[in-house]
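Visitor: Mind having a look at this structure? Questions to follow.
The values are calculated or read from the model by the stated rules, or taken from the named source; none is laboratory data. Remember, predicted model here, so these are calculated numbers, not experimental data. Here Cβ is always computed from backbone atoms with ideal geometry, including for glycine, and neighbour counts include all displayed protein chains.
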Amino acid sequence: MCGIAGFLTWRGTPADLLQRQVKAMTDAIAYRGPDADTSWVDAGAGLALGHRRLAIVDLTPTGAQPMLSANERFVICYNGEIFNAADVARDLPGVNFRGTSDTEVLLEACVAWGVEAAVSRFIGMFAFALWDRKDRKIWLVRDRLGIKPVYWTKQSTANGPALLFGSELKALTAYPDWQPKLDRAALAGYLRYGYVPAPRSIYEGVQKLPPGHILRMDADGTETLTCFWDLRQIARDGVRNRDTRPEAEQLEALHELLKDAVKRRMLADVPLGAFLSGGIDSSTVVALMQAQSAQAVKTFSIGFQDEAFNEADHARSVAKHLGTDHTELVIDPAHARDVIPDLPFMYDEPFSDSSQIPTYLVSKLAREKVTVSLSGDGGDEIFAGYVRYLGIDRVWNGVGALPAGLRRAGVSAIQLLSPDAWDALFSPVPARYKPKFLGDKIHKGAAILAQADPDAMYGALVSQWDGEALAGISSRGGLTRTPHDATLRDDLPETIARLRYRDMTTYLPDDILTKVDRASMAVALEARVPLLDHRVVEYAWTLPPDRLLQGNQGKKLLRQVLYKYVPREMVERPKTGFGIPVGDWLRGPLRDWAEDLLSEAKLRQDGLIDPAPVRLRWQEHLSGKRNWQHSLWTVLMFQAWRTRWGAAATL
């Protein structure tokens, strides 16, 4: 796990200048790789490859990067891990490997078979740049699920065009002549979803390389984008060719796949551990680790003083049952206040999943004892674990046959009563039998009922803001809604399958995996995600719905794998997610910080966000009548980013 950065100018440049420029780029992401800072330049082509190393496998100089191939034609600069490197190496006859690093296997495989054929053989997470010294062309490659990031752009500079790339945006911003311009469409997408939807970034012309893709740039500047792993095709083929074996055989097949996925990710020449929340996903990963380890696995968890968010007791119980070496930290608002000023630097562009805070804190906790930590991320998307999947499916089955006009009338009737009135109506019901902010939830739920189809319901459910806060953007050419691909229904006619696919191609790489990568790498910790082994993903798409869903729960077969190691009653409880009590904190210890950023003057200063709806939600939230924590956090994180980075970007 490392940080990469580089550029190509297609013109002769003194080697010492290239080295200084690329060093500035790698210095910007030094925390991703504290063990080494190295570069390789091609002065004749104006190319520089920079690498910050976090040494995990082969800690000797033979694992150093950028690495030159044995035939000296190719150079690679790589971030990630190949977990089947030993298997691939055996298929490369005639190669005299200098060391034991997966980098060398990756490089020589690309030399022997070509880039696309090589990456199709890998099990792992990777983002790399490969330079062909002879033909003067470069490849940028990103792994199948988007676990590792790659940003790239072609930028005009004082000396002509340049291709820039890096693991994070801040590496690009360190390049000379960098002249960022804020992308209004990207900002609108961010305000809607809480992250900047790929392939855009917050800056115009700077893109995220899509997961499972290869970008090749030839000597004449021609760009070719190739998909080497198409999740839509994987999903389509899976649902059309379902595994029809008995459930016991399917369970055993999944069990074996997961054991292998976890075992491969336990390979490291440095201390290794795991995040443990006590939920299904992380508990499964830890159980499979401990079953295949000769010593107690080091596990780490975060707890909260607010019991509604605290899963530390559950994690502790699972750890005790499995016999792990467990460490936990209980956090309070002071921890959040300490982290918040660093979030805009850590994430480079606006990002508002508030679980970024506990993810960073558990990474920091783990880094005190280990250099690699396995995580349970991806289980909800892969095995249909989100409540919204069943919720949308059942609601649509209940109301979808009603005329749209009748549904809209019903919504209007529900919203005739204010949230306060709904709360008053249900006031005789004991608090333990009703959720907090019941009236607020009724209003938000009613808005979903008016949507035209389940896909529109999903879009409304995952949106933080609609048009009201986007007025300043949309009136000046911004994007207010990301269009949905209507043809997806042809490939995936089942509602839950479509929602899983949409999450796996948007929310998973752009939110979940971004959160984990930035939070872990900020403390030089490598996070590995075995549930996102592409073989597991491909197999999960072949499972019939009744192997994923049972009653009101998803992840049926995954749960049964876990029950082989942990008693059912120890892990069966309502899902809480890895969240923080940000709503309460905004009314309390974070109020002054939020009030400053949400002041009308600061909201109005760039003309990007209409202050009126934001101020209204802020006042409603402070009153305790509505819970607008997510949409307010989205604006707060943009305002904090704008203060840290965005002031330098032209509008």
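Visitor: Do you know which residues across segment 98-144 are of a type in the set (Gly, Ala, Ser) and assigned to a strand (DSSP E or B)? So that I can check it myself, show each step before the final result.
Guide: Our first condition is that a residue be of a type in the set (Gly, Ala, Ser); within segment 98-144, this holds for 99, 101, 109, 112, 114, 117-118, 120, 124, 127, 129.
If the condition is that a residue be of a type in the set (Gly, Ala, Ser) and assigned to a strand (DSSP E or B), then 124, 127, 129 are the ones that fit.
Visitor: I need the full set of residues from segment 197-211 which are farther than 18 Å from residue 143 by Cα and touching a Leu at 6+ places or on another chain (Cβ under 8 Å), in order please.
Guide: Listed by number, the residues that qualify are 201, 202, 203, 204, 206.
Visitor: When you go through 94, 124 one by one, which is the residue that is without any contact (Cβ under 8 Å) to a residue 24 or more places away in the chain and surrounded by fewer than 24 Cβ atoms within 10 Å (Cβ to Cβ)?
Guide: On the way: 124 fails: without any contact (Cβ under 8 Å) to a residue 24 or more places away in the chain.
So the residue among 94, 124 that is without any contact (Cβ under 8 Å) to a residue 24 or more places away in the chain and surrounded by fewer than 24 Cβ atoms within 10 Å (Cβ to Cβ) is 94.
Visitor: To continue, here is another question. If I ask for residues that are surrounded by fewer than 17 Cβ atoms within 10 Å (Cβ to Cβ), under 25 Å from residue 193 (Cα atoms) and of a type in the set (Asp, Glu), which ones from segment 325-355 would you list?
Guide: 342
Visitor: In addition: Can we say residue 268 is surrounded by 15 or more Cβ atoms within 10 Å (Cβ to Cβ) and small (Gly, Ala, Ser)? I'd like the intermediate steps shown before the answer.
Guide: Working: surrounded by 15 or more Cβ atoms within 10 Å (Cβ to Cβ): yes; small (Gly, Ala, Ser): yes.
Criteria met by residue 268.
Visitor: Please work out which one of (1) touching a strand residue (DSSP E or B) at 6+ places or on another chain (Cβ under 8 Å); (2) under 30 Å from residue 355 (Cβ atoms); (3) at pLDDT 95 or above is the condition residue 225 fails and give its number.
Guide: (2)
Visitor: Among (1) free of Cβ contacts under 8 Å to residues at least 60 places away in the same chain; (2) closer than 23 Å to residue 485 by Cβ, where does residue 215 come up short?
Guide: (1)
Visitor: From the list 11, 20, 32, 73, which one is modelled with pLDDT under 95 and basic (Lys, Arg)?
Guide: 11
Visitor: Among the listed residues 384, 456, identify the single one that is at pLDDT 85 or above, within 30 Å of residue 251 (Cα to Cα) and among the hydrophobic types (A, V, I, L, M, F, W, C).
Guide: Criteria check complete, one pass: 384.
Visitor: Now for a different question. Would you check if there is a residue in segment 329-339 being more than 27 Å from residue 585 (Cα to Cα) and over 20 Å from the mean Cα position of the chain (by Cα)? Even if it seems obvious, please write down each step before you answer.
Guide: Initial filter on segment 329-339 (more than 27 Å from residue 585 (Cα to Cα)): none.
No, segment 329-339 has no match at all.
Visitor: Quick one: in segment 164-178, of everything that is outside any helix (DSSP H, G or I) and modelled with pLDDT under 95, which residue is surrounded by the most Cβ atoms within 10 Å (Cβ to Cβ)? Write out each step before concluding.
Guide: Taking segment 164-178 as the starting set, the residues that turn out to be outside any helix (DSSP H, G or I) are 164-168, 174-178.
Keeping just the survivors that are modelled with pLDDT under 95 gives 174-178.
On the way: 174: 20, 175: 22, 176: 14, 177: 10, 178: 16.
Here the residue is 175.
Visitor: Before we move on, is residue 116 within 29 Å of the chain's Cα centre (by Cα) and either crowded, with 22+ Cβ neighbours inside 10 Å or modelled with pLDDT of 95 or more (or both)?
Guide: Values: within 29 Å of the chain's Cα centre (by Cα): yes; either crowded, with 22+ Cβ neighbours inside 10 Å or modelled with pLDDT of 95 or more (or both): yes.
Yes, satisfied.
Visitor: Residues that are assigned by TED's automatic domain parsing to the domain that holds residue 299: which strands (runs of 3 or more DSSP E) entirely in segment 197-287 hold 3 or more of them?
Guide: On the way: elements: 213-217, 223-227, 272-275.
Result: 272-275.
Visitor: Separate question: Within segment 226-261, count every residue that is loosely packed, with under 14 Cβ neighbours inside 10 Å and under 30 Å from residue 8 (Cα atoms).
Guide: Summing the residues that are loosely packed, with under 14 Cβ neighbours inside 10 Å and under 30 Å from residue 8 (Cα atoms) in segment 226-261 gives 2.
Visitor: Note down all Cβ pairs under 6 Å where the first residue falls in segment 255-279 and is within 17 Å of residue 56 (Cβ to Cβ), the second is at pLDDT below 95 and β-branched (Val, Ile, Thr), and they're at least six residues apart or on different chains.
Guide: Note: pairs meeting the criteria are 268/56; 269/57; 270/56.
Visitor: Taking residue 339, is it hydrophobic (A, V, I, L, M, F, W, C), farther than 29 Å from residue 263 by Cβ and in a helix (DSSP H, G or I)?
Guide: yes
Visitor: Kindly indicate which of 339, 318 is touching a helix residue (DSSP H, G or I) at 6+ places or on another chain (Cβ under 6 Å), of a type outside the set (Asp, Glu) and touching a residue at least 40 places away in the same chain (Cβ under 8 Å). Please lay out each step first, then the result.
Guide: Details: 339 fails: touching a residue at least 40 places away in the same chain (Cβ under 8 Å).
From the options 339, 318, the qualifying one is 318.
Visitor: Another one. Can you find a residue that is in a helix (DSSP H, G or I) and buried (at least 16 other Cβ atoms within 10 Å of the Cβ) anywhere in segment 302-310? Reasoning before the result, please.
Guide: Just the residues of segment 302-310 that are in a helix (DSSP H, G or I), to begin with: none.
Taking every residue of segment 302-310 in turn, none turns out to be in a helix (DSSP H, G or I) and buried (at least 16 other Cβ atoms within 10 Å of the Cβ).
Visitor: Then there is this: Where the second residue is modelled with pLDDT of 75 or more and surrounded by 15 or more Cβ atoms within 10 Å (Cβ to Cβ) and the first is under 18 Å from residue 608 (Cβ atoms) and not assigned by TED's automatic domain parsing to the domain that holds residue 504 and lies in segment 479-490, which pairs have Cβ atoms under 7 Å and are six or more apart or on separate chains?
Guide: 479/185; 479/188; 479/189; 480/188
Visitor: Please go through segment 303-346 and pick out each residue that is of a type in the set (Val, Ile, Thr) and at pLDDT below 90. Even if it seems obvious, please write down each step before you answer.
Guide: Here is the first cut: in segment 303-346, the residues of a type in the set (Val, Ile, Thr) are 318, 324, 327, 330-331, 339-340.
Those that are of a type in the set (Val, Ile, Thr) and at pLDDT below 90: 330, 331.
Visitor: Checking the conditions here, which among 154, 137, 181, 148 is among the basic types (Lys, Arg), modelled with pLDDT of 95 or more and out of contact with any Gly (no Cβ under 6 Å at 6 or more places or on another chain)? Spell out how you get there, then give the answer.
Guide: Working: 154 fails: modelled with pLDDT of 95 or more; 181 fails: modelled with pLDDT of 95 or more; 148 fails: out of contact with any Gly (no Cβ under 6 Å at 6 or more places or on another chain).
Exactly one residue qualifies, and that residue is 137.
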